[in-house]
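Single-structure report; data block below.
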Amino acid sequence: MSDMPVKTEMVSIGRTDIPRTAVLAPMAGVADRAYRLMCRRYGAAMVTSEMVSAKGIVYSDRKTAQLCSVTPEERPMAVQLFGSEPEFMARAVDIVLRYEPDIIDINMGCPVPKVVGTGAGSALMRDIPLAAEICRAAVRAAGDTPVTVKIRSGWSRDSVNAPELARALENAGAAAIAVHGRTRDQFYSGVSDPEVIRAVKAAVSVPVIGNGDITGFDPCRRMYETTGCDLVMVGRGSYGNPFIFREIAAGLAGEEYAPPGLEEKMSVMLEHIRLMLSLSEKSEEMAMHEARKHAAWYMNGYYGSAKFRGRCYQLSSYAEAESLAEEFIRLQERRGTM
Ligand SMILES: Cc1cc2nc3c(=O)[nH]c(=O)nc-3n(C[C@H](O)[C@H](O)[C@H](O)COP(=O)(O)O)c2cc1C
């Protein structure tokens, strides 16, 4: 599937071996099945589902079940759950196991008020005993499927406690810890602090996944070198850029990497949209609504991008996307900016 270099090191989480390159971050509203498949095709070492409510699964919401399913081409894949009650977490894990995820991940980093307000996501960073209890309940229910946890550096800048929380989670049976080096009160502003990730790595013996602000091979190499983390996780750096995983894998293997030209980018954008349409149960027009932001991301960074991105937000059919891509290529050819 992916063009992984032959001698890439492996990191084991439970019985899953993951190439030590870069994995895709869970991103609700972005990293759906089509997105995950694109990232796997272009070299992501592992992917994670969008976060799913533990309570939602227990009350068997149909959409929730769809969010938890795993297709062979996505593997290795983690399904991510969020919740604030150990009992619901355990029951949700039991249901999710039907889909045979390679890993079950628990979200303890989400900053959005809707999640935090229920005591889940990054709210758990303020209650280490409860966080550990939730993790223990999930581990018990998961049997031999590994349970990992994704955290932030802390709740606020004056309460950075990721190393302490990570230790408690390891004691509760977590098989790996992913750390986004921002506090909850930073949301997505400022920068991700590698120092906290380094401190978590020093605090636990399970694999640590470093996350935050990875936009290419150089930042990824720095993350590995400065923190000693076992894996690197990429979120927004993959927007309109599934190639980032190939770039990272090639860089780490010391291989030459030629970034894709505009024609290849546009053809991959159309491949991504076709995949979205084929996987969607919605009409072409409705599915195109969801594809718009992705189309806009693929056109980032060129002459006239702003105007074209605006036009992406009006796309309502695949044929329109195809013509827009052709027009964009012709414009860059005329400007000599290919
Ligand atoms: C649109 C969006 C949705 C996200 N959804 C989730 C989620 O469902 N679960 C989660 O643990 N983190 C979620 N995150 C956080 C990312 O996984 C990641 O930790 C964060 O974006 C920092 O990494 P980056 O700088 O590489 O983007 C989301 C981030 C974004 C931007």
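The values are calculated or read from the model by the stated rules, or taken from the named source; none is laboratory data. Just so you know, these numbers come straight off a predicted model, no measurement behind them. Reconstructed Cβ throughout: ideal geometry from the backbone, glycine too, with neighbour counts over all protein chains shown. Just so you know, the surface numbers come from the protein's heavy atoms only, side chains and all, with ligands and any DNA or RNA stripped out. Shrake-Rupley method; radii C 1.70, N 1.55, O 1.52, S 1.80 Å.
One residue stands out among those in the stretch 160-176 that are closer than 18 Å to VAL232 by Cα and not in a loop (DSSP other than H, G, I, E, B): the one that is farthest from the ligand (Cβ to nearest atom), which is PRO163. All conditions in (1) within 16 Å of the ligand (Cβ to nearest atom); (2) within 23 Å of GLY117 (Cβ to Cβ) hold for ARG36, with the sole exception of (2).
Given the criteria open to solvent by 70 Å² or more (accessible area, probe 1.4 Å), modelled with pLDDT of 95 or more, within 24 Å of ARG41 (Cα to Cα) and not in a loop (DSSP other than H, G, I, E, B), does HIS289 qualify? It is true that HIS289 is open to solvent by 70 Å² or more (accessible area, probe 1.4 Å), modelled with pLDDT of 95 or more, within 24 Å of ARG41 (Cα to Cα) and not in a loop (DSSP other than H, G, I, E, B).
Looking at the stretch 141-159 only, could you name the residues that are charged (D, E, K, R) and either within 16 Å of the ligand (Cβ to nearest atom) or in contact with a Lys or Arg (Cβ under 7 Å, 6 or more places away or on another chain) (or both)? Across the stretch 141-159, the qualifying residues are LYS150, ARG152.
Confirm whether LEU279 is more than 16 Å from the ligand (Cβ to nearest atom) and farther than 17 Å from VAL11 by Cβ. The answer is yes for LEU279. Any residue in the stretch 212-240 that is near the ligand (Cβ under 10 Å from one of its atoms) sitting within a Cβ distance under 6 Å of a residue that is hydroxyl-bearing (Ser, Thr, Tyr)? List the pairs, counting only those 6 or more apart or interchain. These pairs meet every condition: GLY212/SER192; ASP213/SER192; GLY237/THR215. The number of residues in the stretch 22-33 that are near the ligand (Cβ under 8 Å from one of its atoms) and of a type outside the set (A, V, I, L, M, F, W, C) comes to 2.
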